[in-house]
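Bear in mind that the values in this text are calculations on the coordinates, not laboratory data. Here the structure is a predicted model, which is why all the values come from computation and not from measurement. Don't worry about glycine lacking a Cβ; one is built from the backbone with ideal geometry, like all the others, and counts go over all protein chains shown.
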Amino acid sequence: MFNGASNLAEGVDKTFVFIFIIAFIFIIGLTVFMIYTLVKYSRKKNQKAKQFRGSVKLEILWTVIPLVLVILMFYYGWVGFAPMRQVPDDAMRITAIGRMWEWEFDYGDGKLSSELVLPVNKPVRLDLVSEDVNHSLFIPAFRVKEDVVPGYDNYLWFTPYYIGDYEILCTEYCGLLHSSMVSKTKVVEEDKFEEWLANLEARGDIPDPPGLVLLKETGCLACHSDDGSRLVGPSFKGIYGMERIVVSDGEERTITIDDDYLRSSIIEPDRDLVKGYNKGLMQSYRKELNDDEIDQIIEYLSTFTPEGN
Ligand SMILES: [Cu+2]
């Protein structure tokens, strides 16, 4: 009955099934009892009300039974939970990075992957790091879920039992595209894993260009995607040199996106607003960014040509 996809699944499932059975017995029992009393003590039967004054037997019964049940629930819960915090010494360590709105897995030596590839039957420890807001890493098949909080060293571990693909979700509401913050765990044979890791290109040690660092620090990417998807504002994908219809003082006109347009959009976002987007959603970044920084951002965005990105 309990053959979950990880070593931790059995403890979680047993607790769940135990609590579910108790809840099921109670809901059926209470409903039957309620219907029985409705019929038996119906007003139509004109019975006289009786006066009661305490019942030691009942008091003991409805104290002891729930007490035993919640102690049992705690026991099963504890037995399932305790191993989750005891990481084996030989566990492989991977850093799971959460950011709005994607997961990234750092295998060390600059090797980063958007999917979590794991060897079967090997314990793995995920160190959980957030680059912005609170997230929560959830792999339902393995019955593991832990919060990913900026500035707090959290972790989780498990041993995957079966080869296959499993979903990874974010279960802490983290903004507009929270629901698309999904990834995949691929559990493979150990030799296949070694091969995959050896072929994984190291890109972590190539530093971000200064313009991208500024875009990340200033939070621009929360509203402007780099992959063409529409967020609060237009995507950066392929914008440099592109023709766009903008609304200036209520008049539509066609402009070509160049350095001047990018600069004016950072300083006065609503002046020439791309058609189809709402006024007042972007503030001026004149105070946050100095001229040099704006130039660095423009230099970075000028690589987003229609042919390039
Ligand atoms: Cu999230």
Next on the checklist: I'd like the FRET efficiency for A202 and V79, computed as 1/(1 + (r/R0)^6) with the beta carbon distance as r and R0 of 41 Å, rounded to 0.05.
Outcome noted: 0.50
Item to check | Filtered GluC sites (Glu not before Pro), region 171-262: DSSP coil and at most 16 other beta carbons within 10 Å | outcome: E189, E201
Item to check | Selected from I168, I298, I139 as most flexible by GNM, with the chain as the system and alpha-carbon contacts under 10 Å | outcome: I298
Checklist entry - Using Cα atoms only, what is the angle between the long axis of helix 190-199 and the major principal axis of the chain, expressed in degrees (0 to 90) to the nearest 10? => result 20
Checklist outcome for this item: Between L177 and R244, the two model label points (7 Å from Cα along the beta-carbon direction) sit apart by a distance in nm of 1.7
Next on the checklist: Suppose the Debye formula is applied to equal point scatterers at every Cα of region 132-246; what is log10 I(q)/I(0) at q = 0.09 Å⁻¹?
Outcome noted: -0.39
Checklist entry - So, with +1 on the Cβ of K and R and -1 on the Cβ of D and E, and no other charges, what is the size of the charge dipole of region 166-210 about its Cα centre, to the nearest 20 debye? => result 280
Checklist entry - Roughly how many Å is it from the Cα centre of region 65-87 to that of region 111-161, as a whole number? => result 23
Checklist entry - Under a straight-distance cross-link criterion of Cα-Cα below 27 Å, which lysines are reachable from K184, leaving out those fewer than 8 residues away in the same chain? => result K14, K111, K122, K145, K192, K216, K237
Checklist entry - Which chymotrypsin sites (Phe, Trp or Tyr not before Pro) from region 106-200 combine a DSSP loop assignment with at most 13 other Cβ atoms within 10 Å? => result Y152, Y162, Y173
Checklist entry - Roughly how many Å is it from the Cα centre of region 17-51 to that of region 208-269, as a whole number? => result 64
Item to check | Potential extension, K279-L69 segment - 0.36 nm per residue separation minus Cα distance | outcome: 69.8 nm
Checklist outcome for this item: Taking every other residue with Cβ under 12 Å from the Cβ of V12 and scoring Lys and Arg +1, Asp and Glu -1, one gets +1
Checklist entry - When the helices in the chain are scored as -39500 (n - 2.57) per DSSP H run of 4 or longer and the sum is shared across all residues, what 222 nm value do you end up with, to the nearest 500 deg cm²/dmol? => result -10500 deg cm²/dmol
Checklist outcome for this item: Ranked on Cβ counts within 10 Å of their own Cβ, fewest leading, T185, T305, T159 go T305, T159, T185
Checklist entry - If you rank V188, V124, V39 by fewest surrounding Cβ atoms within 10 Å, what's the result? => result V39, V188, V124
Checklist outcome for this item: Its Cα gyration tensor gives region 69-208 an equivalent ellipsoid whose semi-axes in whole Å, largest first, are 25, 20, 14
Checklist entry - Restricting attention to region 46-126, which GluC sites (Glu not before Pro) occupy a DSSP loop and are surrounded by at most 13 other Cβ atoms within 10 Å? => result none
Checklist entry - How fast does the chain diffuse by Stokes-Einstein, in µm²/s, taking the Kirkwood radius from C-alpha pairs at 20 °C and 1.002 mPa s? => result 87
Item to check | Net length gained if the chain between S42 and N121 were fully extended (0.36 nm per residue, minus Cα distance) | outcome: 22.2 nm
Next on the checklist: Assuming 0.36 nm per residue, please report the length gained on full extension of the stretch S114 to D132 beyond their Cα-Cα distance.
Outcome noted: 4.7 nm
Checklist outcome for this item: Sorted on mean Cβ neighbours within 10 Å (highest first), peptides 285-293, 45-53 come out as 285-293, 45-53
Next on the checklist: Counting only other residues whose beta carbon sits under 10 Å from that of V247, what net charge do I get with K and R as +1, D and E as -1?
Outcome noted: -1
